[in-house]
Amino acid sequence: MKAWQFIRSIRFVLLLLLGFFLVDAAAAYWNPMVTSMRFRKNDFTKTISHHGGAESGRVFFGNSAVTGAYMEDKSRYPLVEMGLSYGKITDLQAILEHPWYEVKDQLVLGIDVHTMLDKLDTDPTYPWHKKAYQPYLYAYRDYFKEALTDGARQLYKGTVELNRSELFAYEPKWNDKELYFGRNKPEEDARDWERYEKLFNGSRLENGDFADNLAALDRVMTDVQAKGLDFKVVWMPLNPARPHPAYFDALKAEVNRRLQARQVPVLDLTDRYPEELFHDLVHLNREKGAPQFTKEVDEWLLSFAKPSKS
């Protein structure tokens, strides 16, 4: 009896909690982070959107260096360009293990100076970062706030300013990935290099600064082998205008050692391209660099194709 009285005494709080959970469940089912153009999109969602909602295919995974360099629409051996802003191998591991995306037949991994940095920031809206216990509305609260603010602004225009055409109108959020055109100014490259030096160049293999991503690479290789996927690695080009980051050569040697142990084919384009093909320190430009990169990757992948029987 006392328990029932206690429940009655807090029934208002319980009703509020029930209402919140119902609203949160409805929001999660709607999933506006993916389905509504009123909400900003991350690069993973953009990848799926660019392919008509398809959630499977042959994949070229990496970070923004892959986005900038690989021209899927110009390729003779087309792969789904899954370059993710701040993308790391830990992200690839999460995608494969869920799976958030079904990789079919072919997985190519592009690695550059940032792909294996454990301390590199990430995009918190990638779905694998949401904890199972987190309410949907809480996990994406900043994006709901932004969308509601935009909606209130349009409502104001439609009612107070009597501009009825603005009442339910909105400008769809940008749904394209960032590409890189032309060349940065030298002073911009200098600022980028200074920032990289400050944030990352103190990283060292012996300090365990890449431990999570090295472990993720091992798990990815085990996973693709179990699934029978054709797995290959491309070392992404670096701008020769600056030396390699202090950690890079030792890291690259360790990665190559692990890849060789699993007999993974590797295309090394680290020091292949001249400065004029780059937009900045790590991104190829779209006019010259990306077409050449796409052509070389195509030729390399096609060289593995079995000759047809006559």
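Residue by residue, the range 134-149 carries 3J(HN,Hα) couplings of 7, x, 4, 5, 6, 4, 10, 4, 5, 6, 5, 4, 5, 5, 5, 5 Hz when phi is fed to the Karplus relation 6.51 cos²θ - 1.76 cosθ + 1.60 (θ = phi - 60°); x denotes Gly or Pro.
The phi torsions of the range 246-258, fed into the Karplus equation with coefficients 6.51, -1.76 and 1.60 and a -60° offset, translate into couplings of 4, 8, 5, 5, 5, 5, 4, 4, 5, 4, 4, 4, 5 Hz, rounded to whole numbers, with Gly and Pro shown as x. Residue pairs exceeding 19 angstrom between C-alpha atoms, taken from LYS88/LYS232; LYS41/LYS130; LYS41/LYS177; LYS46/LYS232: LYS46/LYS232.
The phi-based Karplus calculation (6.51 cos²θ - 1.76 cosθ + 1.60; θ = phi - 60°) puts the 3J(HN,Hα) values of the range 230-236 at 7, 10, 9, 10, 10, 7, 6 Hz, whole numbers, x for Gly and Pro.
Taking P(r) over Cα pairs in 10 Å bins from 0, in percent as the quantity of interest, determine which of (1) 5, 22, 29, 22, 12, 7, 3, 1, 0; (2) 5, 22, 22, 15, 15, 13, 7, 1, 0; (3) 6, 27, 36, 23, 6, 2, 1, 0, 0 was computed from the displayed structure. So the calculated entry is the one marked (1).
Among beta bridges identified by DSSP and lying wholly in the chain, the antiparallel ones come to about 5 percent. Roll a 1.4 angstrom probe over the protein heavy atoms and tell me the percent of accessible area of the chain that is carbon or sulfur. Answer for the chain: carbon and sulfur cover 55 percent of the accessible area. Computed with a 1.4 Å probe over protein heavy atoms only, the accessible surface of the range 250-301 comes to 45 Å² per residue.
The values are calculated or read from the model by the stated rules, or taken from the named source; none is laboratory data. What you see is a predicted model, and the numbers here were worked out from it, not measured in a lab. Keep in mind that these areas ignore ligands, DNA and RNA; they rest on the heavy atoms of the full protein, side chains included. Shrake-Rupley method; radii C 1.70, N 1.55, O 1.52, S 1.80 Å.
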